[in-house]
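First up is the structure itself, then whatever we jot down about it.
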Amino acid sequence: MTTETDLLPHGSAVERLATGATWSEGPLWIPDEGVLRWSDISGNRIMRWEAATSEVSVHRSDVEFTNGRMLDRDGSVVQCSHGRRRLERELPDGTVTEIVSRWGEHRLNSPNDVALAPDGSYWFTDPDYGITQPREGHPGIREYGACHVFRWSDTDGLTSVIDDMDRPNGIAFSPDGSIVYVTDTGPELGARRNHRIRAYDVNDAQSSNGRKFAAIEVGLPDGITVDIEGNVWSSAGDGVHVFSPEGMKLTFIPVPEVVANLCFGGADGTDLFITATTSLYRVRTSTRAAQF
């Protein structure tokens with residue numbers, strides 16, 4: 001069984017790489033560029049940290065409140081847009097195009113986070129923060145009347161795969177793709193019953209057997225990532241909490257700001273990048289992200 005010493009090298013410490021954002025979210029390591037890209041949602045911009053120089057810069061401004069993102073197999077970045085209420089793609093040449101913005105006749109709420117499934121489809125969460133939180137998008141209504149997790153593929157289009165959560169938020173798959181983990185941030189930020197991570201079995205592009213996987217006691221479980229051993233790394237109000245595939249707490253990494261999201265990256269893939277309120281942090285680990 002994985003232990004704390006298997007996850008963090010001796011002397012590993014959290015270091016701040018950048019600061020000055022308003023609400024840091026959606027980190028993504030882009031290996032071909034050697035950079036970490038992340039969202040400053042309320043600042044309506046995408047930030048960039050370059051590993052070779054430690055230089056911090058603005059990748060794009062006036063981006064319509066992007067949030068979570070992932071790297072597709074073709075090297076393009078798939079990202080969630082609160083303002084445009086859509087899932088979109090940024091190509092390596094900088095071109096940004098829509099992937100999907102409607103479920104039937106209804107607009108999406110405000111796509112929040114996205115994960116690549118083993119079959120190449122995109123699974124993304126669609127809470128309503130971009131239409132209810134003044135600094136994260138534009139005022140609007142939930143046109144389909146709920147907050148779902150969706151699956152999109154070229155062949156199947158858009159389908160709802162999870163509809164029993166209050167505010168689905170972070171999303172990640174187990175190493176073999178048989179389980180999808182989704183965080184629930186609840187109808188209100190103070191609703192204790194919804195500070196949880198749920199797990200669902202995945203079969204034939206559908207989910208089933210939804211169940212509580214773990215709970216966060218301080219703050220909320222927002223973004224999550226999964227390592228090669230199937231351990232779930234979760235954001236929280238006080239840092240990063242790591243759970244075994246069975247839901248047992250393995251370790252805790254304190255962070256001085258509220259953590260929104262996290263991802264693995266760096267030259268050998270073992271750096272854990274953490275977006276937390278105004279800043280970007282890094283901690284060295286002994287593992288790396290799950291890959292299909």
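Tabulated values for the structure
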item: Of the criteria (1) among the aromatic types (Phe, Trp, Tyr); (2) farther than 26 Å from Ala21 by Cβ; (3) surrounded by fewer than 16 Cβ atoms within 10 Å (Cβ to Cβ), which one Phe243 fails; result: (3)
item: Selection count where residues are surrounded by fewer than 16 Cβ atoms within 10 Å (Cβ to Cβ) and assigned to a strand (DSSP E or B), scope region 81-131; result: 4
item: Those strands (runs of 3 or more DSSP E) lying entirely in region 132-218 with at least 1 residues closer than 22 Å to Ser81 by Cβ, open to solvent by 20 Å² or more (accessible area, probe 1.4 Å) and in contact (Cβ under 8 Å) with a residue 24 or more places away in the chain; result: 149-153, 157-162
item: Condition met for Ser101 (of a type in the set (S, T, N, Q), in contact with a strand residue (DSSP E or B) (Cβ under 9 Å, 6 or more places away or on another chain), modelled with pLDDT of 95 or more and closer than 20 Å to Gly43 by Cα); result: no
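The values are calculated or read from the model by the stated rules, or taken from the named source; none is laboratory data. Quantities reported herein were computed from a predicted structural model and do not represent experimental measurements. Virtual Cβ from ideal backbone geometry, glycine too; neighbours counted across all protein chains shown. Remember, those area values only see protein heavy atoms, side chains included, never the ligands or the DNA or RNA. Shrake-Rupley method; radii C 1.70, N 1.55, O 1.52, S 1.80 Å.
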